[in-house]
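Q: There's a structure below that I have some questions on.
The values are calculated or read from the model by the stated rules, or taken from the named source; none is laboratory data. All values reported here derive from a predicted model rather than from experimental measurement. Cβ: placed from backbone, ideal geometry, glycine included. Neighbour counts: every protein chain shown. The accessibility values were calculated without ligands, DNA or RNA, using every heavy atom of the protein model including side chains. Shrake-Rupley method; radii C 1.70, N 1.55, O 1.52, S 1.80 Å.
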Amino acid sequence: MKTLKILIVDDSERFASATREFLAAYAGIERVAIAFSGAEALARMDELNPNLVLTDLTMPGMTGRVVTRAVTDRPPPPPPAVVAPSPATSARQ
């Protein structure tokens, strides 16, 4: 069975931490890392080498759409990227 390395990209520390805790409980998940901005996520892609990227849609600076495009434009094979909408009032908490 292939193990998953997941990168969560979200400006809400509370949401990102809760999501990491939830996902870490599942077998087959090797690592769940967090980036609090799109820029941080892209800077850490080579280091983390995730198979799956879960990104917030609305973040200050680089939006989830921009992150998704940048991730899928990387040399093959790009990891799947899932964009999750969040309220416009989302902020790092």
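Q: Which of the residues belonging to the range 1-18 are open to solvent by less than 50 Å² (accessible area, probe 1.4 Å), more than 14 Å from Val67 (Cα to Cα) and not hydrophobic (A, V, I, L, M, F, W, C)? Break it down stepwise before answering.
A: First, the residues of the range 1-18 that are open to solvent by less than 50 Å² (accessible area, probe 1.4 Å): 5-12, 16-17.
Filter once more, keeping what is more than 14 Å from Val67 (Cα to Cα): 5-6, 12, 16-17.
Of everything in the range 1-18, those that are open to solvent by less than 50 Å² (accessible area, probe 1.4 Å), more than 14 Å from Val67 (Cα to Cα) and not hydrophobic (A, V, I, L, M, F, W, C) turn out to be Lys5, Ser12, Ser17.
Q: Just one of Ala39, Ala43 is over 11 Å from the mean Cα position of the chain (by Cα), modelled with pLDDT of 90 or more and more than 19 Å from Phe15 (Cα to Cα); which is it? Walk me through it before giving the result.
A: Numbers: Ala39 fails: more than 19 Å from Phe15 (Cα to Cα).
Only one candidate passes the filter, namely Ala43.
Q: Can you tell me which of (1) of a type in the set (D, E, K, R); (2) out of contact with any Gly (no Cβ under 8 Å at 6 or more places or on another chain); (3) modelled with pLDDT under 90 is the one Lys2 doesn't meet?
A: Checking Lys2 against (1) of a type in the set (D, E, K, R); (2) out of contact with any Gly (no Cβ under 8 Å at 6 or more places or on another chain); (3) modelled with pLDDT under 90, the one that fails is (2).
Q: Scanning the range 19-44 for residues that are among the β-branched types (Val, Ile, Thr) and within 10 Å of Leu4 (Cα to Cα), which turns out surrounded by the most Cβ atoms within 10 Å (Cβ to Cβ)? Give the derivation first.
A: Here is the first cut: in the range 19-44, the residues among the β-branched types (Val, Ile, Thr) are 19, 29, 32, 34.
Okay, now just the ones that are also within 10 Å of Leu4 (Cα to Cα), so 29, 32.
Details: Ile29: 16, Val32: 21.
Residue satisfying both the conditions and the ranking: Val32.
Q: Ok, one more. Among the residues of the range 46-93, write down those that are crowded, with 16+ Cβ neighbours inside 10 Å, charged (D, E, K, R) and either at pLDDT below 90 or more than 11 Å from the chain's Cα centre (by Cα) (or both).
A: Passing the criteria: none in range.
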